[in-house]
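A.B. asks: Have a look at the structure that comes next, please.
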Amino acid sequence: MFGAVPTLGADFRADRMRSGRHGRALRVGLISGLVPLSLALVQCGKAPDPAALAANSQANVQVVAKTNSQTSRVASGDTFEDRFPAPQFEERFPSASESFLQRQMSDFSPKRAVQQQPREQSPYKVASLEPQVPYKRPGREDLTTLVSMKSSAFPYFGNNPASDAPFLNISKGDRRGHRSYSGRVYWQDETYSDSRVLVHVPEHFDVRKPGVIVVFFHGNGATLERDVRDRQLVPKQITDSGANAVLLAPQMAVDAADSSAGKFWQPGGFKRFMAESADHLARLTGDPNSARAFANMPIVIVGYSGGFLPTAWSLEVGGISDRVRGVVLLDAVYGEMDKFASWIESHRSGFFVSSYTRYTARRDRELMSMLRQKGISVAEDMDGPLQPGSVVFVETGEGITHRDYVTRAWTRDPLKDVLVKMSATPSLALTRVAATNPSVSSR
């Protein structure tokens, strides 16, 4: 029995030795773990890194681990607000010393390969139910054309009032002709068969507004295209004047030294010519209903050189002398003074202008004397406005030629100057387009 006791004591001492070695190992392990922890705790005395603090999104929570369970519980302070605190003002809106990089949603889109710019294509219009720009009717251009009229000067088969003999006073076989005062023979089929009339309607002309019809009788040795239109520029002068006017220029003797008036010799011949012209003008301007407006429009007759003869007879026997508001003679008083004086005396609401060179000076002075004897005042310059009843004689000096008189008389483009002066006189009802009021007539 006593032999068993020593055995127990030895075992106890062995156990104590094993326990001591285990304790020392435990202390060494604890020291090894506490040393790094102590080093980390030393860092707590330093200021936190702002960048690391801003990046840190974890809350300060306490978790108690259980060895016998795979779950954890949150301490009493672990709330949603603790884990996801609301951002502070300075976090959303940086100070003035900080930079704030602005980004768009496209910055976060997947990057695309750079595409080449497409080649420039021709412009195109997109159809629309409502136009972007209101429709505007295209402007009308000046209209200058030749129109054949039955009532024009020729052909003419009546008598010559100067001799009361047939106008076609010579024949050769089947051909008939006229022997002029100079003794030269002009054949009817070459000289007196052209019934065309040069018609000119400016782009700005408006039949709804007060206007005027200018009738131009050309002189000797002329054609409508070569001389009236291209050399004397009569249509251009009318357009350039700005007056609400249209032009009628009948072909007289074709390229001949002859002033014969043809059908304008006949009583009512000028009236018939103007009536037919009204229908043609209405059609040319695009409104047949405007014929009545043209049929009542005032008239200004311009006679150049040999054109004095159809001018005088139109005033004397034409049948519509009351519609004539003005007469302009361009180096054209070669005779018929009594007819001009009679019209001036009986039509004081119209005006009369005669400009002359030395070739017609004697007859112009004679006509001035006749008018003064009738108590009619006469002016001898074109400086003043044209008024109803104005009678003006203008002598032009040296260097002004008869051939160029339609484009250069007392001024360049004298016909234009007359129309401008008429346009400045409302009492003549010949006002400029820009200043006129629409009349009762309409398109």
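A.B. asks: Applying the selection to the range 184-194, what residues are within 23 Å of Arg229 (Cβ to Cβ) and surrounded by fewer than 19 Cβ atoms within 10 Å (Cβ to Cβ)?
C.D. replies: Glu190, Ser193
A.B. asks: Got at least one residue in the range 232-247 being hydroxyl-bearing (Ser, Thr, Tyr), modelled with pLDDT of 95 or more, touching an Asp or Glu at 6+ places or on another chain (Cβ under 7 Å) and surrounded by fewer than 24 Cβ atoms within 10 Å (Cβ to Cβ)?
C.D. replies: Yes, that holds for at least one residue.
A.B. asks: Taking the stated definitions as given, is Val392 in contact with a strand residue (DSSP E or B) (Cβ under 6 Å, 6 or more places away or on another chain) and surrounded by fewer than 22 Cβ atoms within 10 Å (Cβ to Cβ)?
C.D. replies: yes
A.B. asks: A further question on this structure: Quick one: count up the residues across the range 387-404 that are part of a loop (DSSP other than H, G, I, E, B), more than 35 Å from the chain's Cα centre (by Cα) and within 29 Å of Asp322 (Cβ to Cβ).
C.D. replies: 3
A.B. asks: Conditions: (1) under 20 Å from Ala245 (Cα atoms); (2) touching a His at 6+ places or on another chain (Cβ under 7 Å); (3) of a type outside the set (D, E, K, R); (4) modelled with pLDDT of 95 or more. Val433 meets all but one. Number of the miss?
C.D. replies: The one condition Val433 does not meet is (4).
A.B. asks: Turning to a different aspect of this structure: Here are the criteria: (1) over 22 Å from Gly269 (Cα atoms); (2) more than 38 Å from the chain's Cα centre (by Cα); (3) touching a residue at least 40 places away in the same chain (Cβ under 8 Å); (4) part of a strand (DSSP E or B). Tell me which single one His178 does not satisfy.
C.D. replies: Only one criterion is unmet by His178, namely (1).
A.B. asks: In this structure, does Lys271 turn out to be at negative phi and surrounded by fewer than 22 Cβ atoms within 10 Å (Cβ to Cβ)?
C.D. replies: Yes, satisfied.
A.B. asks: Report yes if some residue within the range 322-333 is among the acidic types (Asp, Glu) and modelled with pLDDT under 95; otherwise report no.
C.D. replies: So far as the range 322-333 goes, yes, one or more of its residues are among the acidic types (Asp, Glu) and modelled with pLDDT under 95.
A.B. asks: A further question follows. Please state which of the following conditions Pro138 fails to meet, knowing it meets all the rest: (1) buried (at least 17 other Cβ atoms within 10 Å of the Cβ); (2) at pLDDT below 95.
C.D. replies: Only one criterion is unmet by Pro138, namely (1).
Here's the yes/no breakdown for (1) outside any loop (DSSP other than H, G, I, E, B); (2) of a type in the set (Val, Ile, Thr); (3) within 18 Å of Ile301 (Cβ to Cβ):
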| residue | (1), (2), (3) |
| --- | --- |
| Asn220 | no, no, yes |
| Ile238 | yes, yes, yes |
| Leu247 | yes, no, yes |
| Ala256 | no, no, no |
| Ser260 | no, no, yes |
| Phe264 | yes, no, yes |
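A.B. asks: Just to verify a result, which residue in the range 195-221, among those that are among the small types (Gly, Ala, Ser) and in contact with a helix residue (DSSP H, G or I) (Cβ under 9 Å, 6 or more places away or on another chain), is surrounded by the fewest Cβ atoms within 10 Å (Cβ to Cβ)?
C.D. replies: Per the stated criteria, the residue is Gly221.
A.B. asks: While we're here: In the range 339-373, which residues are under 42 Å from the mean Cα position of the chain (by Cα) and surrounded by fewer than 17 Cβ atoms within 10 Å (Cβ to Cβ)?
C.D. replies: Across the range 339-373, the qualifying residues are Arg348, Ser349.
The values are calculated or read from the model by the stated rules, or taken from the named source; none is laboratory data. The shown structure was predicted, so the numbers you read here are calculated from the model rather than taken from an experiment. Because the Cβ atoms are built from the backbone with ideal geometry, glycine has one as well, and the counts that use them run over all protein chains shown.
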